1. For a label point 7 Å from the Cα of residue 155 along Cα→C-beta, name the residues of the range 398-439 whose backbone N is under 14 Å from it.
2. With the cut-off at 1.5 for a/c, could you classify the range 143-220 from its C-alpha gyration tensor as rounded, prolate or oblate?
3. With the cut-off at 1.5 for a/c, could you classify the range 407-456 from its C-alpha gyration tensor as rounded, prolate or oblate?
4. Report the FRET efficiency, 1/(1 + (r/R0)^6), for residue 249 and residue 490, where r is their Cβ-Cβ distance and R0 is 25 Å, rounded to 0.05.
5. If a/c stays under 1.5 just call it rounded; otherwise compare a/b with b/c (prolate if a/b is bigger, oblate if not). Do that for the range 296-366, with a ≥ b ≥ c from the square roots of the Cα gyration tensor eigenvalues.
6. For the pair residue 277 and residue 480, how long in nm is the line joining their label points, each one 7 Å along Cα→Cβ?
7. Mind checking the range 269-353 for trypsin sites (Lys or Arg not before Pro) that DSSP puts in a loop (not H, G, I, E or B) and that have at most 16 other Cβ atoms within 10 Å?
8. Using 0.36 nm per residue of separation minus the Cα-Cα distance, give me the extension gain between residue 203 and residue 298 in nm, one decimal.
Amino acid sequence: MSDNFSEPFSSYISSRKSQHMEPLSPAFDVSPIFPAKPFKPSSLPPFPLPFSGSRLRTATYARRKSSLSVTVSSVAKTESQEQPDHYRFIKSLGKGIVGFAATAAALASVCCDSPAFAESLTVAFPVSRVREVNTVQRTLVEAWGLIRETFIDPTFNHQDWDLKLQQTMVEMFPLNSAEAAYTKVSGMLSTLGDPFTRIISPKEYQSFRIGNDGNLQGVGIFLNVEPKTGHLVVLSCLDGSPAARAGIHDGDELVEINGERLDGVDSESAAQKLRGRVGTSVTVKFHSGNDRGSDSSIREVNLPREYIRISPISSAIIPHRTPNGQIAKTGYVKLSTFSQSAAADMANAINDMETKGVESYILDLRNNPGGLVKVGLDVAQIWLDGDETLVNTIDRDGQLLPVNMMNGHAITHDPLVVLVNEGSASASEILAGALHDNGRAILVGHKTFGKGKIQSVTELQDGSALFVTVAKYLSPALHDIDQVGINPDVQCTTDMLKLPKEALLKNKSSVSSLEADSCIMVAEHELDIQGSSGSAS
């Protein structure tokens, strides 16, 4: 490998971007990456590799305390990282911090201010002469280092992670294409036994970022992989989107996209296939959620791609008659995803309804697959006072870390009911747990999805992105959520009351439609009970 790799490699550390995300399905979830704990690398000496005439590189990985230096062909860059206390760290979640890579296909060191390294590791591997494969090799080493530092399982699924790097590099050496090399990277990550730890291509990552910004070109479907079956299932369709107009519903299973079977395809890859330039179309086959086992239930539809504006907040004031015969106003707020503007938009909606005499609230988190965790915590503080615990995290060392408010001031103390269902996941579960366990809200609906793992998402130097599970979370009352979900206080059905079909379609987003939602009716009943007992928090 020639020295022309020195310049880009020595410079990528300072430009690399790290985001704090917690993806669920269409990658609309973002969560914290926790401060890496000092690791204990195994003492793995470089071994001779049987490639006559090929050049070997060594990656030396060592750790001190608080600064980072990367040296390649005598070129070095140094970046200091102050270790913040836990509260300041949580406050920085939405702002992004620079994560650090371990090494690249050359000599690299991660070190501290102490005069000597505490521990070091040297790994030797063959460097491909194919430029595209060599680029992926360097991406692999970058990903390997991030996983080594932060992955929640310090045993790496009971395998030698350093040896795994060497083995994968050897397998990658004879390859001739980046696609084949990325397949090796994905295969290496799959051995961790965690489906949420994965790498996506630069193109997929751009789509991921578009989704989190709230704008995309596509058909308006939220997807998720069912953990037990591996099937791609529709979590929800955006109102008025091409998918919704075509009659695709929550719970339907996607089978094919443009004639390609979706067996083993993850939700982000499927979402990428559905997205595309406005004016083009995509053909999908799907099973009806009510009858997945029958071939006769498969439908094929052609969906036009359109500009999809993901507005996170919709609201309305629902008048209803209380048990004492008075007309009360209930503020209804639907939160569809925790995107950048969600907390500010919700605060604006509540402030507006407060001026209109609203006396109670329904917060609808049904079919909300998640979003920016920092935004989720901000939304919780709209409803809570004081120094309440919002969520508890457990890091790779098993350490419990509570995330608390600091002198919070709720916008309103009116009675609150939160609606949840099996499509409420991740950041939705964090918010629902925070409001419920702190005695602020009653939960109505169905058991939530049960995603209690936290991922960091880091943009790598080639534009791809690495998702790493770095922690899991528990509710404020220390209830485990992962693969368990949250059970509501009161169950309800999602059936609509009998109204003329035309009226439901015409007024789907109107107050009359909301009043016909049986879960909202149950929520109103619970609010009446709270109001009569004066139990507003």
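1. From the range 398-439, the list is 398.
2. oblate
3. The shape class here is oblate.
4. Working from the Cβ atoms, E equals 0.55.
5. oblate
6. In this crude label model, residue 277 to residue 480 measures out at 5.0 nm.
7. The qualifying sites are 277.
8. So the extension gain works out to 31.2 nm.
Every number here is computed from the coordinates shown, using simple stated rules; none is lab data. As the structure is a prediction and not an experimental result, all values here were calculated from the model. Note that each Cβ is placed from the backbone with ideal geometry, even for glycine, and that neighbours are counted across all protein chains shown.
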